[in-house]
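> Okay, handing you the structure first.
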Amino acid sequence: MTDRLRDVYVVDAVRTPIGKYGGALSGVRPDDLAAGVLRALVDRTSELDPARIDDVFFGNANGAGEENRDVARMAVLLAGLPVTVPGTTVNRLCGSGMEAVIQAARAIAVGDASIAVAGGVESMSRAPWVLPKPARGFPAGHQELYSTTLGWRMVNPKLPDAWTVPLGEGAELVADRYGIDRTAQDAFALASHEKAVRAWQQGKYDAEVVQVAGAPLERDETIRADSSAAALAKLKPVFRPDGTVTAGNSSPLSDGAAALLLTDEAGLRATGRQPLARIAASAVTGVEPQYFGIGPVTAVRRALERAGRGLADLRAVELNEAFAAQALGCLGEWPELDPAVVNPRGGAIAIGHPLGASGARITGAIAHQLAAAGSGTGLAALCIGVGQGLALVLER
C-alpha cells in the first residue's frame, strides 16, 4: 500500500448493444459476452501489454447459470489473455457492474493494482431454473423449479412480507409515496425512447458500442422508434389491477455486457492514451427493501459531498431507469438538478437493463460524455433490489 491514495483514470469504456429477452443475444453465453467486451477493450489499446493487467473485476447478479464459475476469470481465459491475469466476480444485484468499478478503483487507489479492468455482464435470457435440494432425501412428490431471471425466489420466511414484494410493486409504492401518476410515468418512458433514438441517429454511441461476434445486433434491441404516448397509454398495469406501472414504463429484461479500463498514472503511461475521465468518489446506502427505488437519493448526495461537488455542478447524469416511477421519485428529491443533463442519450427503459452490466454501462456512458464535453463533473447512480443505492462521481 502507498502513503497516499492514487488518482484513478478511466482510459476507455465499451459495451455491447443491449439485447432483448429471447432476442439477438439470447444464443450467446454470458461468459462469452464478458470475454467479448474484455477482448475489445484490450484490442482498442494496442500499446498495452495484456500481461500488465493486475486484475479483472466483473459484476453479475445471477451467478446460477453459465456464468457460475467466476465469470470474470472465465472471461480472461475465453478472451485469450495471459493465464497470469486474475479475475473476481462481485454481486450487488443491479449495482454489480458499478460495484466492480468501485472495487477496481479502490485497488488502484491504494496501490494494490496499477491497471485493472472492471465491468459487468448478464444474460437474463439464459438465466436457468433451479431446483432446491429437498429437506430430506428421496421425496415422493413433485418438486418446484424457480426461475432465476429476476427478483425474489426461495425467500427466507424470517423476512417480513413487506420487504419481499415484487420489484414492480416496489415501484408502485414509490409512485404512491410521491404521487407520481401514470401520465408522468409514460411521458418519462417516451422521452427515454426518443432520446435513445436520437443518440443512435447522431452517432453518440459509436465510441463505446462494440459488436458481439456471431450475433446480428448492431443497436440496442428494445429501443422503440415508433413509441408514442397513445401506445403506452394502452398498456395494462402489471402489478396492480388499478396500478400505474406497466411494461412500457419499466425497463425490459435484457442481455449484455460492459467493461472499463482503469489505471493510475503509471498505468496510464503504459497505455499510451489520454483518459476519458477520473474517478472522484462513490457512496452506497441502504433503505427499506420495498422502497429500493429511492436508494440512490442519499447515495448521490454522499458521493457528491465526498467529491466536493453539488447537484448543480453536474454536466451529465446517468440515473438507471429500473422503472419510470423510481427514477421520477429520485429526481423529485433533487430539485437542484437540471433535468436536461439526466440520461441525455436515453436510459434503461429504452436501452435495457441487463442487471449485472448496467452499472458498468452507465459509468462508461458518463466517461464518454465527459470526454465529448471536454470537461466537467458527471454522476452515475442506480437503485438496487433489497433496498440499496449506489453512486459514482467522475470528473474531467
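> Mind grabbing the accessible area of L159 for me, 1.4 Å probe, Å², rounded to tens?
Its accessible surface works out to 60 Å², give or take rounding.
> Ordering S192, S282 by how much accessible area each has at a 1.4 Å probe, largest first, what is the list?
Values: S192 0, S282 30 Å².
Solvent-accessible surface, decreasing: S282, S192.
> Next up: So, taking all protein chains as they sit and a 1.4 Å probe, how much accessible area belongs to Y178, in Å² rounded to tens?
Roughly 70 Å² of Y178 is accessible to a 1.4 Å probe.
> Can you give me the % of accessible surface on segment 1-54 that is carbon or sulfur? Probe 1.4 Å, all protein chains present, nothing else counted.
Working: 1040 of 2430 Å².
It is 43 percent, rounded to a whole number.
> Could I ask something else about it? With a 1.4 Å probe and all protein chains left in place, how much accessible area per residue does the chain have, in Å²? Don't skip to the end; give the middle numbers.
On the way: 16490 Å² over 396 residues.
Result: 42 Å² per residue.
> Answer rounded, prolate or oblate for segment 242-394, using the Cα gyration tensor with square roots of eigenvalues a ≥ b ≥ c: rounded when a/c is under 1.5, else prolate when a/b is larger than b/c, else oblate.
Because a/c hits 1.5 or more and a/b exceeds b/c, segment 242-394 counts as prolate.
> A further question follows. What is the antiparallel percent of DSSP beta bridges lying wholly in the chain, to the nearest 5? All intermediate terms of the calculation are to be shown ahead of the outcome.
Working: 39 of 56 bridges.
Once the DSSP bridges in the chain are tallied, antiparallel ones form about 70 percent.
> Of the heavy-atom accessible surface of segment 175-320 (probe 1.4 angstrom), what whole percent is carbon and sulfur? Don't skip to the answer; put the middle values down first.
Numbers: 3290 of 6790 Å².
That fraction is 48 percent.
> How high is the relative contact order of segment 1-93, in percent, with contacts defined as C-alpha pairs under 8 Å that are six or more residues apart? Display every interim value, and only then the final one.
Numbers: 108 pairs, mean separation 27.7, N = 93.
Answer for segment 1-93 is 30 percent.
> Further question: If we count every other residue with Cβ under 12 angstrom of A61's Cβ, Lys/Arg +1 and Asp/Glu -1, where does the sum land? Spell out each step's value before the answer.
Values: positive: R92; negative: E67, E99, E122.
For residues surrounding A61, the net value is -2.
> Among [x] 25.7; [y] 21.0; [z] 23.6, find the value of Kirkwood radius over Cα pairs in Å that was calculated from the structure presented, and write down its label.
Working out Kirkwood radius over Cα pairs in Å from the coordinates points to [y].
> Moving to a separate point now. Using 10 Å bins from zero, what percent of all Cα-Cα pairs in segment 141-295 falls into each bin?
Over segment 141-295, the share of Cα pairs per 10 Å bin runs 8, 24, 29, 26, 11, 2, 0 percent.
> With a/c under 1.5 counting as rounded, go ahead and sort segment 192-273 into rounded, prolate or oblate using the C-alpha gyration tensor (a ≥ b ≥ c being the square roots of the eigenvalues; past the cut-off, prolate if a/b is larger than b/c, else oblate).
Prolate is the answer for segment 192-273, as a/c is 1.5 or above and a/b outweighs b/c.
> Next question, about the same structure. Could you give the nm distance between label points at A213 and R69, where each point is 7 Å from its Cα heading toward the beta carbon?
1.8
> Take every Cα pair under 8 Å in the chain that's 6+ residues apart, average their separations, divide by the length, and report that relative contact order as a whole percent.
Values: 1002 pairs, mean separation 108.8, N = 396.
Here the relative contact order equals 27 percent.
> While we're on this one: Between their Cα atoms, which of K20/K158; K158/K236; K133/K236; K20/K133; K133/K158 are more than 29 Å away from each other? Intermediate results must be reported in sequence, preceding the final value.
On the way: K20/K158 35 Å; K158/K236 33 Å; K133/K236 37 Å; K20/K133 32 Å; K133/K158 19 Å.
With Cα atoms farther than 29 Å apart: K20/K158; K158/K236; K133/K236; K20/K133.
The values are calculated or read from the model by the stated rules, or taken from the named source; none is laboratory data. The shown structure was predicted, so the numbers you read here are calculated from the model rather than taken from an experiment. In this analysis, Cβ positions are derived from the backbone assuming ideal geometry, glycine residues included, and neighbour counts consider all displayed protein chains. In case anyone asks, the SASA skips ligands and DNA or RNA and just uses the protein heavy atoms, side chains included. Shrake-Rupley method; radii C 1.70, N 1.55, O 1.52, S 1.80 Å.
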